[in-house]
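Asker: Mind looking over this structure? Questions follow.
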Amino acid sequence: MAALWRRPLASLAAWSVPETLPTMVSGLAIARALDRGFLAGRPLVGLGWLALLLAAAAISAVGARRVYLHLGDLVEPFRDDLVRRVVGGALRRAVAREPDDGAVARLTHQVEIVRDSYGGMILVLRNFLMLLVGAVVGLSSLAPVILLLVLPPFALGCALYVASLGLATAAQRAYIRSDERLATAAGTVLAGTRDVVACGGEEHATGMVTGPIRQSAAAERRLAGVGAVRTLCFAVGGWLPMVLVLAAGPWLLRRGLTAGAIVGGLTYVLSGLQPALSAVVQGMGGSGLRFVVTLGRILDASGSAPDSVTVPDSVTVPTGHAGLASNGRSPNGRAGGWLATGYELRALSLTFAYGPHAAPVLRRLDLTVPERDHLAVVGPSGIGKSTLANLLCGLARPDAGTVLLGGVPVRRLSADRLVATRVLIPQEAYVFAGTVWDNLTYLRPTATPAEVHLAVYAVGAHLLVTRLGGWRAELSPAELSAGERQLIGLVRAYLSPAPVAVLDEATCHLDPAAERRAEEAFAGRGGTLIVIAHRMSSALRARRVLVLDGVGAAVGDHDALMAHSPLYRELLGHWRGAADEGRVPSAVGRSDPPRLLRDADRLDPGTRPRLRDDPREVVADGAGAQIELGRDLLRRRAVRSEA
Amino acid sequence: MAAFGTIARRGGGWLPVIGVTALVGTATTLALPTVLGHAVDAIVAGTGSERWLAWTAGLIALSVAVNLVDVYTGAICVADVTAWLRERLVRKILAVGHRGATRFDTGDLVSRVTGNAADAAQAGPSLVTVGTALVPPVGSLVLLALIDLWIAVAFLAGLALVALVLTAFTRRTSDVIGRYQQVQGRLATRLTESLAGARTIAAAGTTDLEERRILAPLPELHEHGSMTWRVLSRSGGQAALVGPLVQVVVLGTGGLALVAGRISAGELFAAGQYAAIGAGLGGLTGVLNRLARARAGVRRIGEVLAEPGMDYGRSAVPDGPGTVELRGVTVCLGDTRVLDDVHLTLPGGTEVALVGPTGAGKSVLAAVIARLMDPDAGVVTLDGVPLPELHHDALRAAVGVAFERPVLLGDTVGEAISAGRDAIGVDTVAVLGVATATRAHDFVSRLPDGYRTTLVDAPMSGGEAQRLGLARAWPARRLLVLDDATSSLDMVTEMQISRALSEHHGDRTRLVVTHRAAVAARADLVVWLVEGRVRAVGPHRRLWDDPAYRAVFQ
């Protein structure tokens, strides 16, 4: 970065030299034009000296053009660097699930403030030096004695200004902070307008904003005081030299100075020293402070995001995945000395809490999901189903316990390997501005049109793709409904080469029929399917169900859970009972609510697989014991609850 | 522009002060070169220099003093007006209610309250300073003409040149900046998209790919950014030449006048200074820029202030069972007719389910019934009284609404429930009661500080937030509207809440917007809404015969 700055900075300094000329020449040329030209009755000589002034201006104009260009070479790369930092930082934070709502404001508003004030600051500093050098050089060649008169008060004014900077910085910081507090308060209240009106809390809500509004006004008044102090500094440094030259005028004349020299001296003060001081006082006070404060904020907020998702030191394994359709099995590979075999998922004594004081959402959960299993996860909202999905996918670190994917701890797998083995489709589907094709093939850029076509049709997104105008059409995320976005996310996941698919309420915005079609597509995709269920119908379609109730967990097939999980019965009972209420007996039976019959096996003969005895089906309870979920276990549990 | 005048006048007592100081400041600026010229002449002549010196010192002192007052009062005035405008805006937005939320994004409103209000507050001072900023060039011209007519003519020619440079500059910059901001907007959009899809990106391990995608427009931004500097460089070069050119022409003409004996050396010096004042490019552009920003700010604020707010009447809610009646209710949002001539009666004390496909207008109907917004046509009555006639407090105490995605306000969980209503303070039995009924107590009690846990420290799932939202609406005495307010709850919790709803407060009218057949089946009556019209009203069992009705739940 430093090297990037040095060249434009040197050019900037070099091209600033011509700009000192007009100031340098101004007083001298006017003095000579008067003394040797117009006052001496020789107008041509006078005009000649003035022409010199014009020539200086012309040279300075050329310099000014170059200066702005070089300033651009300094400022634009600096802005590019800031944009990269903001984007990179925000993205990595978001991926690490650290909320950060200010990123877009930083990208647009704050980066621009820094860009403007950075350029402004360089200009101000440059102008100050240019004008000061010009005035000092000019004065010393015209009448050094005047220089002795004007420099001390000028220096005093500058010193006073520097001394007041501390006060100014504090006031500016307070102002910016109050502004941010106001924005936060206003954002909170205005986002909840509907809610405020609904509970009649207008006065209360207004009060939440008026506090910061008044604080902001107070900070602004404090800034007004700072402005007054600056005006005083200018009076001392800019106007006092003027008065001194005039007061010393008669004495200067007696010492042999000409009238032209005195006029020239005054010109140097008015067109050299005064603009120099006002440039610094106004420019640095405003943009300099904004620059420092805002840049600090950007760098703080965009600083190093935690190294998030995957562990980098793991050994990358060859990922020559042959594609799902063939065998639904990924090749074996070595990771960190472990032999990764297949894609069986195992959770061993998994424990996770949101914070050190919070009650854990998962407590010593043991779970095995064999290859090609179809597991639904059900339970009350907020019970930790999404957390489980994150843990299984290696996106979160458990407080205790391990997740093994193909026999290897999931967080020791390389990022490539992880991506090639499992795909997570969250509730909030990610759709970006780009072509439909790019969105669909996001996880499999090498997909062929035939594969994409198959996936689109399987998931049931063909009507959507047609409506959007085909694969090549540009799509605009804002114009898609939540359900349409989910369809795109589902096709994308279906196309993914990963054999393990985790749907985390990924169909919640679809209607039940569309949800059924999408889930059936995934069930027929080959590989493992884990569905975090939004509706109980998802559980009925699954081979096995994991019931989370906040204290313990039970896993088993439908019959086992019906027999032994009160929560499962309750969840299903309410769901089914609700549907039964809607059912009206009718002579022809036509109006039976479809697929809501009593026998679970009759529900979805096509997709609900035969029950099977899987010795690996386990259950964990709060005590953390891993017990076989055989009939005997459930008998034991039943006995215990009776006791 | 009427609003501009109102805001400008709001400066009140400060504005005359600002006007006077600005005028005095201009006068001293204009007088100073003349006085300086006299002082120079007096020094050259060797007589009376003390008098002119005193004048100069006095003028400078005055100029410093008025400048001090000007700077200070200007800032104070802007601070006061800004605060006034911001408060007015917030009140207005809250008074407009739900309809405003359909017109403006929250981020947009916040930028109006924070940024645009501050710009608009400049209306008064900027108007005053535009007036006074015109005085120096005009005054310089007059004073130049008094010194020598030819100098004035030369100066005028110079001014024309300045104007030319100025207009060309503004046109060029606004074009370039517009293009720059477009690219910037594209970058921001891409970042927003990726942030929303963070979990997908995390799982897919495509962070680097996303970074490249977002930053793809950056070279274009760089190009447009460099363009702004090229425009500046052209205009900066012109300005560096034009300013001195005007000065030299004036001085040359003045020098010839000096040779001809028409003016003195001091007057020539004064003429040079007047030329400098008149040709000062920055001052006028800055002032005009400020005025333009103030106007833009006023326009942005005016858009919000022009929205019709909801007025409340003075009536109390009459005794009654909570019967709600809608007659000819029509609501248009933008160009869409969301509700179309709806006639409907919700019998007092019953539970009514409102069902229909997405986009049928269910939420808007719920909002109109709870008076979160007024319909464009038609009337809604509660126990015979039109809603707008009811007193604000009476209406809100009688009617409560819970939402699918409640926005919780307040510092703590307890405040989020009491929502600033004095009737139920934080941490009282009342809060405990509503929290228990809505099953919110279960998880609130597990938070580190219970009801005093700050909302920031209590990350909540959709279902937990819904339970708090329900608790907040629960105290309503006459009518409770649940707008899909239990959609994120599991069936068990929903069942428990529903039981509490009918057991403890069976006398209230309940309107429940829902997608679940179970909820509709439980209700006394179902209102089936399709495309903004009531398709049918009746018990769920009767409607179930219609395949189209069943399709609503499939």
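Asker: Take A:G264 and decide whether it is at pLDDT 80 or above, crowded, with 21+ Cβ neighbours inside 10 Å and either not in a helix (DSSP H, G or I) or not polar (S, T, N, Q) (or both). Spell out the reasoning first.
Answerer: Values: at pLDDT 80 or above: yes; crowded, with 21+ Cβ neighbours inside 10 Å: yes; either not in a helix (DSSP H, G or I) or not polar (S, T, N, Q) (or both): yes.
For A:G264, the condition - at pLDDT 80 or above, crowded, with 21+ Cβ neighbours inside 10 Å and either not in a helix (DSSP H, G or I) or not polar (S, T, N, Q) (or both) - is met.
Asker: Do we find a residue being within 14 Å of chain A (Cβ to nearest Cβ) and out of contact with any strand residue (DSSP E or B) (no Cβ under 9 Å at 6 or more places or on another chain) anywhere in region B:134-144?
Answerer: no
Asker: Still on this structure: Restricting attention to region B:341-359, does a residue exist that is under 35 Å from the mean Cα position of the chain (by Cα) and closer than 20 Å to B:V96 by Cβ?
Answerer: There is no residue in region B:341-359 that is under 35 Å from the mean Cα position of the chain (by Cα) and closer than 20 Å to B:V96 by Cβ.
Asker: Please list, ordered by residue number, the helices (runs of 4 or more DSSP H) wholly in region B:167-277 having 3 or more residues that are modelled with pLDDT of 90 or more.
Answerer: Here the list reads B:207-215, B:218-259.
Asker: Got a sec? Which of B:G225, B:G302 is within 29 Å of B:A120 (Cα to Cα), surrounded by 15 or more Cβ atoms within 10 Å (Cβ to Cβ), within 31 Å of the chain's Cα centre (by Cα) and outside the structural domain of B:A42 (by TED's automatic domain parsing)?
Answerer: None of the others qualify; the one that does is B:G225.
Asker: What are the residues in region B:427-449 that are within 37 Å of the chain's Cα centre (by Cα) and surrounded by fewer than 17 Cβ atoms within 10 Å (Cβ to Cβ), if any?
Answerer: B:D427, B:T428, B:P448, B:D449
Asker: Hey, among A:G384, A:G406, A:G394, A:G379, which residue is surrounded by 22 or more Cβ atoms within 10 Å (Cβ to Cβ), away from chain B (no Cβ under 14 Å), modelled with pLDDT under 90 and in contact with a strand residue (DSSP E or B) (Cβ under 8 Å, 6 or more places away or on another chain)?
Answerer: A:G406
Asker: Conditions: (1) out of contact with any Lys or Arg (no Cβ under 8 Å at 6 or more places or on another chain); (2) more than 21 Å from A:I532 (Cβ to Cβ). A:P497 meets all but one. Number of the miss?
Answerer: All conditions pass for A:P497, except number (1).
Asker: Let me ask something else. Can you tell which of B:V407, B:V434, B:V380 is over 24 Å from B:G532 (Cα atoms) and either outside any helix (DSSP H, G or I) or in contact with a Cys (Cβ under 7 Å, 6 or more places away or on another chain) (or both)?
Answerer: Criteria check complete, one pass: B:V407.
Asker: What pairs come out if I take residues in region B:356-370 that are in the same structural domain as B:T381 (by TED's automatic domain parsing) and on the phi > 0 side of the Ramachandran plot and pair them with residues that are of a type in the set (D, E, K, R) and not in a loop (DSSP other than H, G, I, E, B) whose C-beta lies under 6 Å away, six or more apart or interchain?
Answerer: As it stands, the answer is B:G356/B:K362, since those pairs meet every condition given.
Asker: Please verify whether B:L326 is among the aliphatic types (A, V, I, L, M), touching a Lys or Arg at 6+ places or on another chain (Cβ under 9 Å) and either outside any helix (DSSP H, G or I) or surrounded by fewer than 16 Cβ atoms within 10 Å (Cβ to Cβ) (or both), treating the condition exactly as stated.
Answerer: Judged against the criteria, B:L326 is not a match.
Asker: Using the structure shown, decide if B:T493 is in contact with a Lys or Arg (Cβ under 6 Å, 6 or more places away or on another chain), modelled with pLDDT under 90 and β-branched (V, I, T).
Answerer: yes
Asker: Please indicate, with yes or no, whether at least one residue in region A:521-534 is under 30 Å from B:L543 (Cβ atoms), among the small types (G, A, S), in a loop (DSSP other than H, G, I, E, B) and modelled with pLDDT of 65 or more.
Answerer: yes
Asker: In this structure, does A:L167 turn out to be surrounded by fewer than 17 Cβ atoms within 10 Å (Cβ to Cβ) and in contact (Cβ under 8 Å) with a residue 40 or more places away in the chain?
Answerer: So A:L167 fits the description; yes.
Asker: How about region B:244-264: which of its residues are facing chain A (nearest Cβ under 9 Å), over 54 Å from the mean Cα position of the chain (by Cα) and surrounded by fewer than 23 Cβ atoms within 10 Å (Cβ to Cβ)?
Answerer: B:L256, B:A257, B:V259, B:A260
Asker: Also: Do we have any residue at all in region A:499-517 that's in contact with a strand residue (DSSP E or B) (Cβ under 6 Å, 6 or more places away or on another chain) and among the β-branched types (V, I, T)?
Answerer: Yes - at least one qualifying residue is present in region A:499-517.
Asker: Residues that are free of Cβ contacts under 8 Å to residues at least 24 places away in the same chain and in the same structural domain as A:P497 (by TED's automatic domain parsing): does region A:432-440 have at least one?
Answerer: Yes, because at least one residue in region A:432-440 is free of Cβ contacts under 8 Å to residues at least 24 places away in the same chain and in the same structural domain as A:P497 (by TED's automatic domain parsing).
Asker: Let me ask something else about it. Which residues, counting only those in region A:505-528, are surrounded by fewer than 24 Cβ atoms within 10 Å (Cβ to Cβ), under 17 Å from A:D373 (Cβ atoms) and of a type in the set (D, E, K, R)?
Answerer: Matches in region A:505-528: A:E520, A:R525.
Asker: Where in region A:410-517 are the helices (runs of 4 or more DSSP H), entirely inside, with at least 2 residues that are within 14 Å of another protein chain (Cβ to nearest Cβ)?
Answerer: A:415-421, A:436-440, A:482-495
Asker: Which condition breaks for A:E76 when tested against (1) farther than 11 Å from B:L191 by Cβ; (2) within 8 Å of the chain's Cα centre (by Cα); (3) at the interface with chain B (Cβ under 9 Å from one of its Cβ atoms)?
Answerer: Condition (2) is where A:E76 drops out.
Asker: Answer yes or no as to whether A:V150 is aliphatic (A, V, I, L, M), farther than 21 Å from A:M284 by Cα and crowded, with 23+ Cβ neighbours inside 10 Å.
Answerer: Yes.
Asker: Further question on the same structure: Hey, any hits in region B:203-219 for a residue that's without any contact (Cβ under 8 Å) to a residue 40 or more places away in the chain, more than 9 Å from chain A (Cβ to nearest Cβ) and in contact with a helix residue (DSSP H, G or I) (Cβ under 8 Å, 6 or more places away or on another chain)?
Answerer: yes
Asker: Further question on the same structure: For region B:73-116, what are the residues that are surrounded by 19 or more Cβ atoms within 10 Å (Cβ to Cβ) and touching a strand residue (DSSP E or B) at 6+ places or on another chain (Cβ under 8 Å)?
Answerer: Listed by number, the list holds a single entry, B:R99.
Asker: Also, quick follow-up: Looking at region A:90-115, which of its residues are assigned to a helix (DSSP H, G or I) and more than 10 Å from chain B (Cβ to nearest Cβ)?
Answerer: Once the filter is applied, which keeps residues that are assigned to a helix (DSSP H, G or I) and more than 10 Å from chain B (Cβ to nearest Cβ), region A:90-115 yields A:Q110, A:I113, A:V114.
Asker: When you scan region B:155-162, do you find a residue that is part of a loop (DSSP other than H, G, I, E, B) and within 14 Å of chain A (Cβ to nearest Cβ), even just one?
Answerer: Scanning region B:155-162, I find no residue that is part of a loop (DSSP other than H, G, I, E, B) and within 14 Å of chain A (Cβ to nearest Cβ), so the answer is no.
Asker: Across region B:350-372, which residue is farthest from B:R535 (Cα to Cα) among those that are within 11 Å of another protein chain (Cβ to nearest Cβ) and surrounded by fewer than 22 Cβ atoms within 10 Å (Cβ to Cβ)?
Answerer: B:S363
Asker: Shifting gears a bit: Looking at this structure, is A:L252 modelled with pLDDT of 75 or more and in the same structural domain as A:R79 (by TED's automatic domain parsing)?
Answerer: So A:L252 passes the test.
Asker: I'd like the full set of residues that are modelled with pLDDT of 80 or more and surrounded by fewer than 18 Cβ atoms within 10 Å (Cβ to Cβ), limited to region A:1-42.
Answerer: A:A10, A:S11, A:A13, A:A14, A:V17, A:R36, A:A40, A:G41, A:R42
The values are calculated or read from the model by the stated rules, or taken from the named source; none is laboratory data. In this text the structure is predicted, and so the values were computed from the model without any measurement. No Cβ is skipped: glycine too gets one built from the backbone with ideal geometry, and neighbour counts run over all protein chains shown.
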